[in-house]
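To start, the structure itself, in structure tokens.
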Amino acid sequence: MAHWLYKSEPSSWSWQQQKDAGAKGTEWTGVRNYLARNNMRAMQIGDKGFFYHSNDGLEVIGIVEVCALAHPDSTAKDDPRWECVDIRAVRDMPNPVTLKDIKANPKLSQMALVTSMRLSVQPVTDDEWLEVCRMGGLDNPPV
């Protein structure tokens, strides 16, 4: 299993909307960056990820999982270059973890969220996953 981070502006797609999508989940559409698209192509069913509110909030607020493999992005019209996965909400982060706290933690200094801030879909190492989960109050994080 791999771990990921998905960035979304709450005014466009919030954590509450993700939770409201239920067990079926929803397409993670609109990604128009080749590296982010390739990250989604590498994902497997059951991979877990952080749901991160960007611009407004700047915090890891929940955990999601991949529930459908990469497929054509329905918002890409007739452009086959763009793909997306489907994700569903797993659980709230008991204590949202802010970008400020992530940047202040030396264990997370190489995390893509710190080094590649603009990338909307990012890999998260196992150690980063466990550290952010610990910071968020998850004693037994989903793996």
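The values are calculated or read from the model by the stated rules, or taken from the named source; none is laboratory data. For clarity, every value in this text was computed on a predicted model and none was experimentally measured. Cβ coordinates were reconstructed from backbone atoms using ideal geometry, including for glycine residues, and neighbour counts include every protein chain displayed. Note: areas computed on protein heavy atoms with side chains; ligands, DNA, RNA excluded. Shrake-Rupley method; radii C 1.70, N 1.55, O 1.52, S 1.80 Å.
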Per residue, how much accessible area does the chain show when a 1.4 Å probe rolls over the protein heavy atoms, in square angstrom? 51 Å²
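Using just the helices of the chain, give the 222 nm mean residue ellipticity in deg cm²/dmol: DSSP H runs with n ≥ 4 each add -39,500 (n - 2.57), and the total is spread over all residues, rounded to 500.
One gets -6000 deg cm²/dmol as the mean residue ellipticity at 222 nm.
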Among the Cα-Cα pairs of the stretch 1-98, the proportion with separation greater than 24 Å, in percent, is 15 percent
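I want the local charge near Ala112. Using Cβ-Cβ distances under 12 Å, sum +1 for each Lys or Arg and -1 for each Asp or Glu among the other residues.
Computed value for this residue: +1.
As an exercise, identify the trypsin sites (Lys or Arg not before Pro) in the stretch 1-84 lying in DSSP coil whose Cβ has no more than 14 other Cβ atoms within 10 Å.
Here the sparse-neighbourhood loop sites are Lys24, Arg32, Lys77, Arg81.
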Whenever you get a sec, compute what percent of the accessible area on the chain sits on carbon and sulfur atoms (1.4 Å probe). 49 percent
